[in-house]
Amino acid sequence: MPRTLYEKLWDSHIVASLSDTEALIYIDRQILHEVSSPQGFVAMRAAGRQLRRPETHLAVADHAVPTRGRGAIADPQARAQVAELEANVADFGVPYAALDSAEQGIVHVIGPERGYTLPGTTIVCGDSHTTTHGAFGALAFGIGASEQGTVMAAQCLRQTRAKTMRVELTGGLSAHVSAKDIALALIATIGANGAVGYAVEFAGPAISAMSMAARMTLCNMTIEAGSRIGLVAPDDVTFAYLKGRALAPQGALWDTALAYWQTLPSDADAVFDRLVTLDLATVEPQASWGTSPNQTVPITAPIPDPATMTDPSERRETEKALAYMGLEPGQALAGTPITHAFIGSCTNGRIEDLRAAAAIVKGRKVADGVTALVVPGSAATRAQAEAEGLDAVFRDAGVEWRFAGCSMCVAMNDDRLSAGDRCASTSNRNFEGRQGPGGRTHLMSPAMAAAAAVAGCIIDVRELVA
Amino acid sequence: MSMEPFTRITGVAAAMPEDNIDTDIIFPARFLLLTQREGLGVHAFHDRRFLADGSEVGDFILNRAPFREAKLIVAGANFGSGSSREQAVWALHGFGIRVVVAPSLGEIFAGNCLRNGMLALTFVPEICAKLMDAAEAGRTFSVDLERQRVEVEGMEPIPFSIPPERREALLNGWDETDQILNRFGAEIAAFEAGQRIVQPWLYTEMQPR
């Protein structure tokens, strides 16, 4: 019977079948961060348990850490949270990427970067953007704190088998259009809950031609369509990326692993529950205008007008979002002044993203009244960018060059919008208050956010560079 | 660890006729710096419930009688979407909420509910609309897990489905980790023994080179 990639990953991790749709699934790897892991360790201590396989874990502090520098954390709560993580990893023997080390970074950036993320594995983390790791053909999904405790103790989780969706990407992208634009256009089409219950596999000729960074951006954003699982079949691009990474198998084990990984792609005649196709030649640079990621338009299109909507719920949601965002129906999003630009996050904090942003700001200046920051996804990304001179490009343009962390994507540290601030952001969520209470977020690609930073307003990056 | 058993709850339902009430709305990220799971109810819907000066937003549903005592929330589509933070569930539980009803739910959120003695129920939009009307009218809801149905004054009981093992765990307050360890220890060991042979690279010490 032909199987999809998802079905192969699912089948190969069944410890016990519980019903037609549920199974106990083996978890190969768990990533822990300071914000979602404390309660799992509390449960372990309360039950007097040890981690079943501590060596399969990887811990790092990323969510609440300051990005202006490393060293002592000023915020007492954040400092206590990082100290608690450090005590937990020491007590339970969990590998840890220390805050001031060259291995530190956002969970979903360092996993791939270190070769910890491997095809064919199951990977969980107390973070919904764990979808990112699916770009390697890993079954990777976000879980809650209780489930983290379960994985620590049992290395297993009870899970419901997902339906399968294949997103076929054809055609080629135009200049200055990126994976972020594809993700936003797709979410605008299928909705913020359009993929609930599905494992989404991105496939088609355009995927084969895509870098790992672009694939990670796509998989990262599948949760914004409601899916816990985004996937890309492992191929030569995947293998070339992984070979030689610090934690990837080497020597004879690499060859054995490679032979196994090559069996993972969906069979040619595998059946998916749903098919969606997108011609990339039709995708323009996107920007969100509302408070849900599906509230996104191509930069050339006007903001929707609720008066023209027949669905009462859509009208109500549009009116609510426009009121929060301080925008007028029917107007162009281009030309809307911004106060902030944020380039970073697990969605767009990789070296390729920083290069794209640097290419736009090079030789230009951040507009007066705009605060722009670049927050690399990891210490290694930061070092690579500095080796390429990108930090100088950003600094010369008046962009703040920061240390790695989640930063203004989740606004748990002091990188935060104030009420009424408007941010061109490469992050993944434009929810109310996501970047600070009362803050207004416009999701877009690194090139678009960089263009907005220098223009002082949301702008079609193609106009800026023309 | 065990969770509070769920058998039958009775109370009013807070109507939230809005789509995409995400976990950032339910529990703003800045409160994630708190590491305890108790006492988070005060932060549930914080930025909707309170003004910047800490005073209450008068017309927010959970600030109005009788909905301050609500045990259910009836919401629009995609309630609990977004972040995996279990604090969203702990905060709702701390506020007194035991059941969430919506046309669709964030998957991680819904799973977190089941692990904390709460029910997350989805119904087709027509039924949700009726329940929304009943909630807005302040009618009393009962949710009976034994009989697997929602009972509302003046309405026919509405059946719901839930996997039998999930139901049993909720009725008894069983902890999932305990259940797995007690029932499947041998299966887990057998799986590892097999995987070690076919995927040995997953069993080497991960020491960076």
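Using the average count of surrounding beta-carbon atoms within 10 Å as a protection proxy, the listed peptides A:58-70, A:235-247 rank, highest first, as A:58-70, A:235-247. Mean separation of Cα pairs under 8 Å and 6 or more residues apart, divided by the residue count, gives chain B a relative contact order of 26 percent.
Estimated from the Cβ-Cβ distance and a Förster radius of 30 angstrom, the FRET efficiency linking A:Asp267 and B:Asp178 is about 0.15.
Rolling a 1.4 Å probe over the heavy atoms of the protein chains gives the protein assembly as shown an accessible area of 34 Å² per residue.
Between A:Ala419 and A:Ala466, the FRET efficiency estimated from the beta carbon spacing at R0 = 45 angstrom works out to 0.80. Rg and Dmax of segment B:57-169, both derived from C-alpha coordinates alone, stand at 13.6, 42 Å. Partner lysines whose Cα lies under 29 Å from the Cα of A:Lys320, excluding those fewer than 8 positions away in the same chain, are identified as A:Lys180, B:Lys71, B:Lys130. Shape class of segment A:397-466 from the alpha-carbon gyration tensor: prolate, with a/c at 1.5 or above and a/b greater than b/c. Each DSSP beta bridge with both residues in the protein assembly as shown is either parallel or antiparallel, and the antiparallel ones are about 30%. Three principal axis extents describe the C-alpha atoms of segment A:308-427; from largest down they are 54, 27, 24 Å.
Ignoring ligands, DNA and RNA, please state the percent of accessible area on segment B:1-132 from carbon and sulfur, probe 1.4 Å. Carbon with sulfur: 56 percent of the solvent-accessible area.
As an equivalent ellipsoid, segment B:28-80 spans semi-axes of 19, 16, 12 angstrom, where each value is the square root of five times an eigenvalue of the C-alpha gyration tensor, largest first. Multiplying the residue separation of A:Leu275 and A:Lys362 by 0.36 nm and subtracting their alpha-carbon distance yields 27.2 nm.
Peptides A:76-88, A:212-224, A:144-156 ranked from most to least packed, by the mean per-residue count of other Cβ atoms within 10 Å: A:212-224, A:144-156, A:76-88.
Put simply, the Cα atoms of the protein assembly as shown extend 68, 62, 54 Å along their principal axes, the longest span coming first. For B:Met3, the accessible surface of its heavy atoms amounts to roughly 30 Å² (probe 1.4 Å, protein chains only, rounded to the nearest 10).
By its C-alpha gyration tensor, with a ≥ b ≥ c as the square roots of the eigenvalues, how is segment B:8-199 shaped: rounded for a/c under 1.5, else prolate for a/b larger than b/c, else oblate?
On the way: a/c = 2.22, a/b = 1.42, b/c = 1.56.
Oblate.
Between the alpha-carbon centres of segment A:3-64 and segment A:291-355 there is a gap of 35 Å.
Using equal-weight Cα scatterers in the Debye expression, the normalised intensity of segment A:265-338 in log10 at q = 0.14, 0.24, 0.27 Å⁻¹ is -0.58, -1.12, -1.29.
Sorting the segments A:181-194, A:383-396 by their residues' average number of neighbouring beta-carbon atoms within 10 angstrom, most packed first, yields A:181-194, A:383-396.
Seen against the Cα atoms of chain B and their longest principal axis, helix B:125-136 is set at about 50 degrees. Placing pseudo-labels 7 Å out from each Cα toward the beta carbon at A:Ala46 and B:Glu151 gives an inter-label distance of 3.2 nm.
The values are calculated or read from the model by the stated rules, or taken from the named source; none is laboratory data. Only a predicted model underlies this, so the values are computations on that prediction, with no experimental measurement involved. Don't worry about glycine lacking a Cβ; one is built from the backbone with ideal geometry, like all the others, and counts go over all protein chains shown. Remember, those area values only see protein heavy atoms, side chains included, never the ligands or the DNA or RNA. Shrake-Rupley method; radii C 1.70, N 1.55, O 1.52, S 1.80 Å.
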